[in-house]
Amino acid sequence: MSKVAIVMGSDSDLPVMQEAVDILKGFDIEVEVDIVSAHRTPEKLVDFSMNAHKRGITVIIAGAGGAAHLPGMVAAMSPLPVIGVPVKSSNSIDGWDSILSILQMPGGVPVATVALNGAKNAGILAAQIIGSADKCVLDKIVAYKEGLKMAVLEKGKKINN
């Protein structure tokens with residue numbers, strides 16, 4: 001069974017990152033959640049990044065605000081796909097510092113980056129990565145997207161009546 005690790009730089013990021021936890025659990029994907037600060041716990045960051053794949057993690061979602069080094073540093077040390085979530089934090093400059101820190105990775109160290117506070121999309125993207133090799137998860141994603149479509153069609157009917 002695939003497992004997604006969700007890490008964040010601070011517990012203040014949890015309200016944003018919880019959306020990734022919730023969507024993944026909705027797809028019945030096992031989730032591991034932890035705080036790993038790139039600046040305050042660098043040894044933990046190294047251990048987590050270099051060993052996640054050995055513990056059965058398939059995809060890593062890393063959320064961070066401010067300087068937002070966590071996703072890039074994880075990607076530098078892990079062979080797994082990393083999805084970065086820029087978080088608008090109290091010390092952030094409208095979130096742009098976080099967005100650019102995660103988005104502007106050098107060639108060879110990719111981080112898939114979602115929108116500011118876009119943890120829900122990070123969870124969906126992680127599920128889609130897993131679903132590319134797991135038909136059960138893929139079927140759940142297809143059903144989820146069909147549900148999105150039906151919700152839009154229903155809203156359209158309501159405004160046209």
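Throughout, read-outs are computed from the coordinates displayed, never taken from laboratory work. These numbers were taken from a predicted model, which means no experiment stands behind them. Cβ coordinates were reconstructed from backbone atoms using ideal geometry, including for glycine residues, and neighbour counts include every protein chain displayed.
Below 12 angstrom from the Cβ of residue 10, what's the summed charge of the other residues (Lys, Arg +1; Asp, Glu -1)? If you can, show how the numbers build up before the last one.
Numbers: positive: 40; negative: 11, 13, 34.
Result for the local shell: -2.
Have a look at 105, 72, 144 and report the one farthest towards the positive end of the charge dipole of the chain, computed about the Cα centre with Cβ charges (Lys/Arg +1, Asp/Glu -1).
Result: 144, furthest along the dipole toward the positive end.
Which ³J(HN,Hα) values in Hz, rounded to whole numbers, follow from the phi angles of the stretch 85-96 under the Karplus curve 6.51 cos²θ - 1.76 cosθ + 1.60, where θ = phi - 60° and Gly and Pro get x?
10, x, 10, 7, 9, 4, 9, 8, 9, 6, x, 5
Long-range amide H contacts for residue 113: which residues qualify at under 5 Å (H placed 1.01 Å from N, peptide plane, sequence gap of 5 or more or a different chain)?
Amide H to amide H, under 5 Å and 5 or more residues apart or across chains, residue 113 pairs with 84.
Could you run the Karplus curve 6.51 cos²θ - 1.76 cosθ + 1.60 with θ = phi - 60° over the stretch 3-14 and give me ³J(HN,Hα) per residue in whole Hz, x for Gly and Pro?
Ordered by residue, 3J(HN,Hα) equals 9, 10, 9, 10, 10, 9, x, 7, 5, 5, 7, 4 Hz.
Looking only at Cα atoms, what is the convex hull volume of the stretch 25-102 per residue, in Å³? If you can, show how the numbers build up before the last one.
On the way: hull volume 7.5 nm³, N = 78.
Considering the Cα atoms of the stretch 25-102, their hull volume per residue is 96 Å³.
Show me 98-104, 108-114, 40-46, 82-88 ranked by packing, highest mean number of other Cβ atoms within 10 Å first.
Descending mean neighbour count gives 82-88, 98-104, 108-114, 40-46.
Quick one: among 133, 151, 115, which has the greatest mean-square fluctuation in a GNM of the chain with alpha-carbon springs under 10 angstrom?
In this elastic network of the chain, the residue with the biggest mean-square fluctuation among 133, 151, 115 is 151.
For residue 57, what residues show an amide H to amide H distance below 5 Å, using hydrogens built from the backbone and excluding near sequence neighbours?
none
From the phi angles alone, apply the Karplus equation (6.51, -1.76, 1.60; θ = phi - 60°) to the stretch 58-71 and give each ³J(HN,Hα) in whole Hz, x where the residue is Gly or Pro.
Per residue, the Karplus-derived 3J(HN,Hα) values read 9, 9, 10, 10, 10, x, 7, x, x, 5, 6, 7, 3, x Hz.
Please give the net charge around residue 1, taking every other residue with its beta carbon less than 10 angstrom from that of residue 1, where Lys and Arg add +1 and Asp and Glu add -1.
On the way: positive: 3; negative: 28, 30, 134.
Surrounding charge for residue 1 is -2.
Which label belongs to the value computed from this structure, given these candidates for mean projected area of the Cα convex hull in nm²: [x] 13.0; [y] 11.7; [z] 10.4?
Label [z] holds the value from this structure.
For residue 2, what residues show an amide H to amide H distance below 5 Å, using hydrogens built from the backbone and excluding near sequence neighbours?
Placed amide hydrogens put nothing under 5 Å from residue 2.
Dipole size in debye (nearest 20) for the stretch 3-159 around its Cα centre, Lys and Arg Cβ +1, Asp and Glu Cβ -1? Don't jump to the answer; show the numbers that get you there.
Details: 15 positive and 16 negative charges, 96 e Å.
Value, rounded to 20: 460 debye.
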